[in-house]
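Everything below concerns the one structure shown next.
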Amino acid sequence: MTSPPTHVLPAPVRYRSKSLAAWLALLGGALGLHRLYLYGPRDALAWAHLLPTAVGWVGLQRLQQLGQDDRLAWLLVPVLGLMLSLGALFAILYGLTPDEKWDARHNPGLPGRATTWAPVLAAIAALLLGGGVFMGTITYGVQMFFQWELGGQSSAAGSRSST
């Protein structure tokens with residue numbers, strides 16, 4: 001019987017760039033690309049981004065094909081907006097995290113690197129785009145809710161008065 005090796009080589013450590021993580025969160029955060037970059041393909045939360053994003057995309061497709069009267073699209077489109085906003089939120093968080101805190105969390109044991117303006121520009125773009133998407137999502141959701149409620153009440157009132 002052979003004995004197991006007494007020394008184990010550590011897994012190669014790779015540097016995780018704050019700039020790249022922030023831009024991935026902004027551009028592909030709804031798909032979980034930032035989490036795949038930071039934590040690898042075994043990260044369950046990264047894969048959990050796919051289902052709500054796909055559901056929201058289906059809602060957007062239904063809205064384009066069937067119009068605003070499709071109630072299922074009313075429910076699904078805001079899910080896509082929330083996923084896009086979530087990616088923008090993480091881009092802001094990553095972009096504005098101090099370098100020392102970033103390196104302590106994502107690059108332990110590696111020499112720290114000073115970042116440039118790239119993560120800050122990602123945070124600015126995320127604030128603009130993510131804020132617009134989030135406000136649009138809230139507006140769309142509230143508008144559709146009240147159209148649904150008022151439409152349901154007026155049709156119910158019309159059916160009561162005709163009987």
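A quick yes/no check of all residues on (1) closer than 21 Å to Arg14 by Cβ; (2) assigned to a loop (DSSP other than H, G, I, E, B); (3) within 20 Å of the chain's Cα centre (by Cα):
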residue: Lys101; (1), (2), (3): yes, no, no
residue: Leu110; (1), (2), (3): yes, yes, no
residue: Ala123; (1), (2), (3): no, no, yes
residue: Leu128; (1), (2), (3): no, no, yes
residue: Ile138; (1), (2), (3): no, no, yes
residue: Leu150; (1), (2), (3): no, no, no
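Restricting the first member to region 51-79 and to residues that are without any contact (Cβ under 8 Å) to a residue 12 or more places away in the chain and under 23 Å from Gly32 (Cα atoms), and the second to residues that are in a helix (DSSP H, G or I) and of a type in the set (Gly, Ala, Ser), the beta-carbon pairs closer than 9 Å and six or more apart or on different chains are Gln61/Ala73. Restricting attention to region 84-131, the residues that are of a type in the set (Gly, Ala, Ser) and farther than 25 Å from Ala48 by Cβ add up to 5.
Within the span defined as region 81-88, every residue fails to be surrounded by fewer than 16 Cβ atoms within 10 Å (Cβ to Cβ) and assigned to a helix (DSSP H, G or I).
Here Trp148 meets the list (1) of a type in the set (Phe, Trp, Tyr); (2) modelled with pLDDT under 95; (3) under 21 Å from Ala46 (Cα atoms) almost entirely, failing just condition (3). Filtering Leu66, Leu24, Leu51, Leu38 for residues that are of a type outside the set (Gly, Ala, Ser), buried (at least 18 other Cβ atoms within 10 Å of the Cβ) and either farther than 25 Å from Ala125 by Cα or modelled with pLDDT of 95 or more (or both) leaves a single hit, Leu24.
The values are calculated or read from the model by the stated rules, or taken from the named source; none is laboratory data. The shown structure was predicted, so the numbers you read here are calculated from the model rather than taken from an experiment. Neighbour counts are summed over all protein chains in view; Cβ atoms, including those assigned to glycine, are modelled from backbone coordinates with ideal geometry.
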